[in-house]
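Working notes for the structure below.
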Amino acid sequence: MDATARRVKSPKRRAPNSGNGFAGPFVASAGLSEPYGALDLGTNNCRLLVARPNGHRLDVVDAFSRIVRLGEGLGLSGRLNEAAMNRTIEALRVCSNKLKWHGVGPKRLIATEACRQAENGAEFIKRVRYEVGLELEIIDRQTEADLAASGASPLIESGSASAVIFDIGGGSTEVMWMQADGEHHAIKAWISLSSGVVALSERHCGGGDISLETFMAMRAEVKQLLKPFVDEVAQFANPTVPSHLLGTSGTVTTIAGVHLGLRHYDRAKVDGSWLTNGQAAAVTQRLLKMSHEQRIQNGCIGRERADLVLAGCAILEEIRIAFPAQRIRVADRGLREGILIQMMQADGVWGQS
């Protein structure tokens, strides 16, 4: 943990080989500068975002996301397995093609917890360079927390004295206490928990149907991991109740989609939406009562998230209890946006009209 404050500024053509990822609207390139690119390879997902700056917003050129489960079995073996690496290589080929197709200039390509933890993580990075031609950078947990805050902080409600941003990933969970600092917000304290949805699920149940006892065991693990951060925050915030929570992860966006009753996930309806504390708790209880098959059939969950969503709910429950704000804002944005914003700020093009 690091209590040092860091300032975070609030800020129809498709590419080939889209695979089963999402490609956003293409912005015509005539007269425009080369776009920026950001790739986030996590324990569960491989995500790419290509965009140009437009004032304090991003004009998306293309986007791609695919669940690859790179960290599958990592907690048991300590290594990335061959099938997971092969799936990831194929997704990275799509990303490489998109970067070339759009003529991306400045870019940053990061890998997080799975590659940090794995004995063969550095070896896999070399394989990616050799087979795909992408130079991935394994970032540390502090950098990951900082990027998540940069990407999500534009959704902190104006006038908020404080907020807690949380990013529930596949292999780790980052939690940041944000404090008002003039017109912006700064990270006052942060922690990275060694529990994400893949790691927690594999340690306790391996997916499928989950009993209440297993769910409570997952919560108990998260509570213990979170306690040092709660104690740290209590030293400067009494009570430890922020103006609101701000969640950026597949867990919180899935919960929002289920709460809204969406037949299929819709980013436009989820990103920036609000949940009350009670609504988040009600969705968790609803998911606990569902069978694995029922979760698969839900259009906002699906087969790829059905065995992980309750692990995410267990993490969210403990964050909600530790920091009992009345409202939670939902962000379908995070590391990729943080990468782009930071690069654009460094180049002096962020915030220009």
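The values are calculated or read from the model by the stated rules, or taken from the named source; none is laboratory data. A quick note: this is a predicted structure, and the numbers were derived from the prediction, not measured. No Cβ is skipped: glycine too gets one built from the backbone with ideal geometry, and neighbour counts run over all protein chains shown.
Brief remarks follow.
- Tally of residues being among the hydrophobic types (A, V, I, L, M, F, W, C), more than 17 Å from the chain's Cα centre (by Cα) and surrounded by 17 or more Cβ atoms within 10 Å (Cβ to Cβ) across segment 51-79: 5
- Verdict on Gln224 being polar (S, T, N, Q), surrounded by fewer than 24 Cβ atoms within 10 Å (Cβ to Cβ) and in a strand (DSSP E or B): no
- Selection over segment 147-157 of residues that are surrounded by 24 or more Cβ atoms within 10 Å (Cβ to Cβ), more than 14 Å from Arg327 (Cβ to Cβ) and out of contact with any Lys or Arg (no Cβ under 7 Å at 6 or more places or on another chain) gives a count of 5.
- Residue ranges of helices (runs of 4 or more DSSP H) in segment 93-155 with at least 3 members at pLDDT 95 or above and in the same structural domain as Glu34 (by TED's automatic domain parsing): 121-131
- Residue check, Ile165 in a loop (DSSP other than H, G, I, E, B), hydrophobic (A, V, I, L, M, F, W, C) and either buried (at least 18 other Cβ atoms within 10 Å of the Cβ) or within 14 Å of the chain's Cα centre (by Cα) (or both): no
- Per this entry, Gly247 is counted among residues that are assigned by TED's automatic domain parsing to the domain that holds Ser201, in a strand (DSSP E or B) and surrounded by 15 or more Cβ atoms within 10 Å (Cβ to Cβ).
- Annotation: of all residues in segment 186-203 being of a type outside the set (A, V, I, L, M, F, W, C) and surrounded by 19 or more Cβ atoms within 10 Å (Cβ to Cβ), the one that is farthest from Thr284 (Cα to Cα) is Lys188.
- Residue within segment 251-269 that is assigned to a strand (DSSP E or B), modelled with pLDDT of 95 or more and either in contact with a helix residue (DSSP H, G or I) (Cβ under 8 Å, 6 or more places away or on another chain) or more than 23 Å from Val197 (Cα to Cα) (or both) present: no
- Hits in segment 34-50 - residues which are over 13 Å from the mean Cα position of the chain (by Cα) and modelled with pLDDT under 95: Glu34
- The lone criterion from (1) within 25 Å of His204 (Cα to Cα); (2) surrounded by fewer than 17 Cβ atoms within 10 Å (Cβ to Cβ) left unmet by Asp181 is number (1).
- Members of segment 178-204 found to be under 30 Å from Gly73 (Cβ atoms) and among the acidic types (Asp, Glu), listed by number: Glu202
- Segment 227-244, subset in contact with a helix residue (DSSP H, G or I) (Cβ under 9 Å, 6 or more places away or on another chain) and in a helix (DSSP H, G or I), residue surrounded by the fewest Cβ atoms within 10 Å (Cβ to Cβ): Lys227
- Test: Ser160 is polar (S, T, N, Q) and surrounded by fewer than 24 Cβ atoms within 10 Å (Cβ to Cβ): yes
- The residue that is nearest to Cys115 (Cα to Cα), among those in segment 183-211 that are in contact with a helix residue (DSSP H, G or I) (Cβ under 7 Å, 6 or more places away or on another chain) and among the aliphatic types (A, V, I, L, M), is Ala199.
- Looking across Gln326, Gln235, one residue alone is farther than 20 Å from Ser153 by Cα and polar (S, T, N, Q). It is Gln235.
- Selection from segment 319-353 of residues that are within 17 Å of Lys107 (Cα to Cα) and part of a helix (DSSP H, G or I): Leu335, Arg336, Glu337, Gly338, Ile339, Leu340, Ile341, Gln342, Met343, Met344, Gln345, Ala346
- Every test in (1) assigned to a helix (DSSP H, G or I); (2) charged (D, E, K, R); (3) in the same structural domain as Arg263 (by TED's automatic domain parsing) is passed by Asp307 save one, and that test is (1).
- Some residue of segment 80-90 being within 25 Å of Glu202 (Cβ to Cβ), crowded, with 23+ Cβ neighbours inside 10 Å and touching a strand residue (DSSP E or B) at 6+ places or on another chain (Cβ under 9 Å): yes
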